[in-house]
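Below is one structure, written out as structure tokens; comments come after it.
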Amino acid sequence: MNKKDIAAIRKQFKLDTDLLKITEIYKVYIRQESSEFYHEESQPFSLLDREQQELFLNNFKKVLGGKLGLKLFEVKFRQQEEEQTDHTQQLLYEGLQTAEVEDWKENMQSIAEKMVQDVQYEKDIVVTFIRGTYFKPTKRNHEEEEVAKRDEVYKNPFILCSMNQTELPKRSLVFDFNEKEFKSQDMLDPIINLTSPIGGFLFPVFTDNAADVNHILYAAGKANKPNYEFVESVLDGEEVMTADDDKAVFEEIIKEVVGNEVSTKTLASVYDEINSMLVVEDEGEEEYLPVLDTKEVERVLKASGVKDVSTEKVERAFQTVIEDKAYEMQASHIVPSYTTKSIKIETKVANIAISPQDLRYVRQVTVNGKRCILIEVEEDTMIEGFTLLPEELLE
């Protein structure tokens with residue numbers, strides 16, 4: 001599932017749209033102390049008042065917010081074991097196919113039960129499941145009012161889950177207009193935080209306008225911090241790799257091929273080559289996610305002027321670092337502007353942050369027998385409002 005597909009379904013989570021129909025909603029309130037179901041409720045989504053519908057729709061939109069590899073991860077289901085009867089893929093697939101609302105609810109209940117198994121939450125949480133259908137126009141720029149004909153749209157049934165923490169309101173002073181007096185606010189009913197989901201998922205994923213039931217889109221609460229235990233134990237999914245993970249793997253692979261020492265010119269060329277891949281992606285009419293496999297890493301290094309690069313050397317580096325010669329890294333995960341927005345130059349004296357395209361202006365030189373960082377600049381250097389006086393390098 002690519003970013004355009006996610007954005008397309010995400011923007012349909014709004015009131016009064018013909019392109020997304022939510023039929024059922026099932027909510028479970030889980031107490032922090034016992035990690036057991038305190039209350040559960042199932043009803044047609046249409047029976048909620050419009051204010052509640054809008055609150056939930058905004059929440060579901062936030063579940064699908066964020067970038068792939070940072071907060072959203074396409075997870076492949078592990079193969080179901082023979083004795084396993086509660087495999088999440090099977091529960092979701094059956095829940096998607098059944099016409100009986102009670103059967104769907106029981107399957108979602110089974111998934112919710114897996115969420116509380118051997119888990120102690122920090123606060124009370126509410127788990128919400130919805131079932132619905134997403135209609136995607138077959139033609140670009142198709143007006144919504146023209147999408148009444150079902151033969152002109154792709155029909156995609158889906159299940160979405162959201163996990164939200166609850167907060168107790170702070171005690172406050174209020175003014176009672178009826179009694180005309182100040183009173184303390186004694187109502188301490190928990191507030192469900194629908195503005196910041198702590199997790200969730202979408203099933204199935206949509207690839208080339210077709211449903212892929214072998215994968216699930218997992219949403220983490222914080223960037224680069226997926227809940228690995230949730231992915232493995234609740235979703236029955238395989239291990240996920242974050243953008244930071246990909247970047248670390250890439251750096252180790254480059255070290256295996258090139259060594260620990262590299263010039264700023266070479267490093268800048270490497271980032272330029274990868275960035276050019278992303279420029280091609282942005283200019284392309286169709287969505288294309290450039291990846292760095294063994295062939296692309298070899299090409300990037302050779303184009304950057306690195307000597308003695310061979311297919312065997314690169315494949316051996318992949319095998320050493322990730323133990324998988326077929327591993328692919330998202331190119332967008334490698335460019336620092338995607339994750340950290342800058343390259344960090346770390347020294348004992350100072351830490352410097354610089355953009356990848358400006359790395360070519362940085363040199364390590366030796367002055368009076370001491371190693372120094374030299375940064376080429378085209379204008380006066382300002383420090384705390386003062387302009388530095390130019391000095392000649394001493395030989």
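Some observations on this one:
- Which of Gln90, Met108, Thr138, positive extreme of dipole for segment 77-142 (C-beta unit charges): Thr138
- Three-way shape label, segment 44-83, alpha-carbon gyration tensor, a/c 1.5: oblate
- Label positions at Lys295 and Glu328, each projected 7 Å from the Cα along the C-beta direction, are separated by 1.1 nm.
- Cβ-Cβ FRET estimate between Glu384 and Lys222, R0 fixed at 30 Å, reported to 0.05: 0.30
- Rg/Rh (Cα only; Kirkwood hydrodynamic radius) as it applies to segment 1-133: 0.96
- Whole-number D in µm²/s for segment 144-246 (Stokes-Einstein; Kirkwood sum over Cα pairs; 20 °C, 1.002 mPa s): 119
- Candidate lysines - alpha carbon under 27 Å from Lys307, same-chain residues fewer than 8 apart omitted: Lys247, Lys255, Lys265, Lys295, Lys325, Lys344
- Computed log₁₀ I(q)/I(0) - Debye formula, equal Cα scatterers, no solvent, segment 201-326, q 0.09, 0.10, 0.17 Å⁻¹: -0.35, -0.43, -1.05
- Estimated 222 nm signal from helices in the chain, with DSSP H stretches of n ≥ 4 weighted -39500 (n - 2.57), rounded to 500: -9000 deg cm²/dmol
- Apportionment of accessible area to carbon and sulfur, the chain, percent (1.4 Å): 47
- Listed residue (Phe129, Ser46, Gly199) projecting farthest to the positive dipole end of the chain, Cβ model: Gly199
- Largest to smallest principal axis extent of the C-alpha atoms in the chain, angstrom: 82, 62, 49
- Of the GluC sites (Glu not before Pro) in segment 15-123, those whose Cβ has at most 12 other Cβ within 10 Å and which sit in DSSP loop: Glu33, Glu36, Glu81, Glu82, Glu83, Glu100, Glu122
- Summing Cβ point charges (Lys, Arg +1; Asp, Glu -1) relative to the Cα centre of the chain gives a dipole of roughly 780 debye.
- A straight chain from Val349 to Asp86 at 0.36 nm per residue would run longer than the Cα-Cα distance by 89.1 nm.
- Kirkwood-type hydrodynamic radius, segment 57-140: 15.7 Å, calculated from all non-identical alpha-carbon pairs.
- Taking only the Cα atoms of segment 301-395, the ratio Rg/Rh comes out at 1.09, with Rh defined as the Kirkwood radius.
The values are calculated or read from the model by the stated rules, or taken from the named source; none is laboratory data. In this text the structure is predicted, and so the values were computed from the model without any measurement. Cβ coordinates were reconstructed from backbone atoms using ideal geometry, including for glycine residues, and neighbour counts include every protein chain displayed. Heads up: the accessible areas ignore ligands, DNA and RNA and are worked out on the full protein's heavy atoms, side chains in. Shrake-Rupley method; radii C 1.70, N 1.55, O 1.52, S 1.80 Å.
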